[in-house]
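Engineer: My questions all concern the structure below.
The numbers here are math on the coordinates, done by the rules we state, and not lab data. Values in this document were obtained by computation on a predicted structure and should not be read as measured data.
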Amino acid sequence: MATERTLRLRLSAYERGLIWDYGYPFEDLRRQLQALAENDDEHVVTIDPYYLDHLLADLVRSMKRANSRLLDELDELYDNIASQAAEQGHHVL
């Protein structure tokens, strides 16, 4: 459910797959990702800033174990999410 604090993230199917595999999404985001699993289009998902910070931390943890190709992809995903969040007034450390 969207709230005043909810952030909106526009993600490609590939980015959603990376989040599913390497971001350990919490329940609300997990439901959204499952609902979009068969869709190859770009879609908007919503996430509370608190859970966004945890998602980004999980991506960083996965980056520490990634090979160089995956590291580049996860880094690009991290930058994309952080940039979209910043545009909505949420700044990631």
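Engineer: Would you work out if segment 34-86 is rounded, prolate or oblate? Take a ≥ b ≥ c from the square roots of the eigenvalues of the alpha-carbon gyration tensor; rounded if a/c is under 1.5, else prolate when a/b is larger than b/c, oblate otherwise.
Structural biologist: Values: a/c = 1.83, a/b = 1.25, b/c = 1.46.
Since a/c reaches 1.5 but b/c is at least a/b, the shape of segment 34-86 is classed as oblate.
Engineer: Which helices, counted as full DSSP H runs in the chain, have an axial Cα extent of no less than 24 Å and a Kyte-Doolittle average of -1.0 or above?
Structural biologist: Working: long enough: 68-87 (28 Å, -0.52).
Flagged H segments are 68-87.
Engineer: Mean residue ellipticity at 222 nm from the helices of the chain, using -39,500 (n - 2.57) per DSSP H segment of n ≥ 4 over the full residue count, to the nearest 500 deg cm²/dmol?
Structural biologist: Working: 4 runs with 54 residues, N = 93.
One gets -18500 deg cm²/dmol as the mean residue ellipticity at 222 nm.
Engineer: From Cα pairs below 8 angstrom and at least 6 apart in sequence, can you work out the relative contact order of the chain, rounded to a whole percent? Working shown, then result.
Structural biologist: Details: 83 pairs, mean separation 33.1, N = 93.
Relative contact order comes out at 36 percent.
Engineer: Okay, next question. Could you give the Stokes-Einstein D for the chain in µm² per second, using the C-alpha Kirkwood radius, 25 °C, 0.890 mPa s?
Structural biologist: Details: Rh = 13.2 Å.
The calculation lands on 185 µm²/s.
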